[in-house]
Amino acid sequence: MNPSNKRNVTLIIIVAALGYFVDIYDLILFSVVRVASLKSLGVSADDMLSVGASIINSQMFGMLVGGILWGILGDKKGRLSVLFGSIIVYSLANIANGFVTTVPAYIVIRFIAGVGLAGELGAGITLVTESMSKENRGYGTMIVAGVGLFGAVAAALIGGHYAWQTSYFIGGGMGLLLLFLRVGLAESGLFKEAKEANIQRGNMWMLFNNGSRFKKYLCCILIGLPLWFVVGVLITFSPEFGKALGATGIINAGKGIMYCYIGIAVGDVVAGFLCQMLKSRKKVMLIFLLLTAVAIVVYLYSTGLTPDTFVWLSLFLGFASGYWATFVTIASEQFGTNLRATVTTTVPNFVRGSVVAVTLSFQFLKGQYGILQGAMIVGFVCLVIALIALSQLKETFNKDLDYVEV
């Protein structure tokens, strides 16, 4: 690799990693400042849960819409345009969030922020995988996810020490600063070749009009279910689980989220190194899915849970499910250049959106079997689905990405 190409790849990794850092910061920040921000807007304690759920649902819906929008644009207009377009949208939305004075405005701005948040990771991972050699691209995606997920830690620390408006301003400012790194950044060579050849790009219908292609796309989504079960159920509702387990102290969900994401970041780095050592993404996915099963069982059988033990369990749960970068890289490597950005952007956002179905299933089964048994059933089903989906995907570690879907 000549010096100019090496510099471009390094800059791509830095921008993608820092962009994902701000992405995760914004994604988690509302959970951290929810109570403080809604109180200042005059929301009563009785309405806190329902209003907060409406805002989160608005953000998640924005991410589903944005995932499709940015994914198609990434294949039609280019990876760089989406990378920076998404950063601009969620940065400005963050700044606007600091000025809201009503709940309806909060809901609308979180929707806009969700649209912006949906594009950064997919565009960044696509750029990295297409710009690096097949032997080393796993290192690039590992760095992006490992650095990015520490954005959750930053959100917990900043949100806990500053006014909620200031926390949003900081997030927006960090995003806008990233735009200065765009100077000299080159577009993916594979995308430019496909564009010059006038190949049809970003046609999402191609993912559904071919049986084998649709099956592959669906399996890419399903292997991510257990991770969001861990974050969206076990950690989010940790105070309720603590009560059911006879916790000896206060179980803090915010602290659980922070330590869980630290674990995910560390897990992502370890998973990336294991992929390079074993020269396989599927084997590493299998290892981490089985480790997630162990972590879930340990957590749900931790009778007499203490706050300190909860912190360690949050780390363990996060580490065990720390295959996010590997999962997104697998999705990116499964499809040709003309659909790669569409897949890499929509898949993680559909997985994030699946937390709604997972949570509803948990709430239903909790009423039937109790909170611990209900969680065990949902977790087991998510893991079985993910393992079956993984078995249907081909190994992509050494796959040449210079091809298109027809």
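The values are calculated or read from the model by the stated rules, or taken from the named source; none is laboratory data. Keep in mind it's a predicted model, so treat the numbers as computed, not measured. Positions of Cβ are backbone-derived with ideal geometry, glycine not excepted, and every protein chain shown enters the neighbour counts.
Worth pointing out:
- Identity of the residue in segment 354-377, among the small types (Gly, Ala, Ser) and surrounded by fewer than 17 Cβ atoms within 10 Å (Cβ to Cβ), that ends up nearest to the chain's Cα centre (by Cα): Ala357
- Considering residues of segment 136-153 that are part of a helix (DSSP H, G or I), hydrophobic (A, V, I, L, M, F, W, C) and out of contact with any Leu (no Cβ under 9 Å at 6 or more places or on another chain) only, the residue nearest to Ser37 (Cα to Cα): Val153
- Flag if Thr166 is out of contact with any Cys (no Cβ under 6 Å at 6 or more places or on another chain), in the same structural domain as Leu18 (by TED's automatic domain parsing) and more than 30 Å from Ser37 (Cβ to Cβ): no
- For Ile262, the conditions (1) within 14 Å of the chain's Cα centre (by Cα); (2) modelled with pLDDT of 90 or more; (3) not polar (S, T, N, Q) all hold with the exception of (2).
- Candidates Gly254, Gly272, Gly202 - the one that is surrounded by 21 or more Cβ atoms within 10 Å (Cβ to Cβ) and of a type outside the set (Ser, Thr, Tyr): Gly272
- Helices (runs of 4 or more DSSP H) wholly inside segment 185-237 containing at least 1 residues that are assigned by TED's automatic domain parsing to the domain that holds Ser332 and on the phi < 0 side of the Ramachandran plot: 211-222, 225-229
- The C-beta contact set for segment 351-374 (first residue more than 23 Å from Met63 (Cα to Cα), second residue of a type in the set (Ser, Thr, Tyr), distance under 9 angstrom, 6+ apart or interchain) comprises Leu372/Tyr301; Gly374/Ser361.
- Flag for Val406 being more than 25 Å from the chain's Cα centre (by Cα) and surrounded by fewer than 18 Cβ atoms within 10 Å (Cβ to Cβ): yes
- Candidate set: segment 52-93, residues that are out of contact with any Phe, Trp or Tyr (no Cβ under 7 Å at 6 or more places or on another chain) and polar (S, T, N, Q); chosen: the one surrounded by the most Cβ atoms within 10 Å (Cβ to Cβ): Ser91
- Hits in segment 103-150 - residues which are in contact with an Asp or Glu (Cβ under 7 Å, 6 or more places away or on another chain) and of a type in the set (Val, Ile, Thr): Thr129
- The helices (runs of 4 or more DSSP H) falling completely within segment 1-116 that include 3 or more residues that are free of Cβ contacts under 8 Å to residues at least 24 places away in the same chain map to 3-40, 48-76.
- The residue that is modelled with the highest pLDDT, among those in segment 198-223 that are of a type outside the set (D, E, K, R) and more than 27 Å from Lys282 (Cβ to Cβ), is Trp205.
- Hits in segment 297-335 (condition: modelled with pLDDT under 90 and either surrounded by fewer than 22 Cβ atoms within 10 Å (Cβ to Cβ) or of a type in the set (A, V, I, L, M) (or both)): Ala325, Val328
- Test: residue in segment 163-178 that is modelled with pLDDT under 85 and either under 26 Å from Leu274 (Cβ atoms) or of a type outside the set (Gly, Ala, Ser) (or both): yes
- Residue count for segment 252-289 satisfying the condition of being assigned to a helix (DSSP H, G or I) and closer than 20 Å to Glu135 by Cα: 15.
- Remark: pairs (first residue in segment 179-206, within 17 Å of Gly122 (Cα to Cα); second residue of a type in the set (Gly, Ala, Ser) and modelled with pLDDT of 80 or more; Cβ separation under 7 Å; 6+ apart in sequence or on different chains) = Glu187/Gly78; Ser188/Ser131; Phe191/Gly78; Arg201/Ala194.
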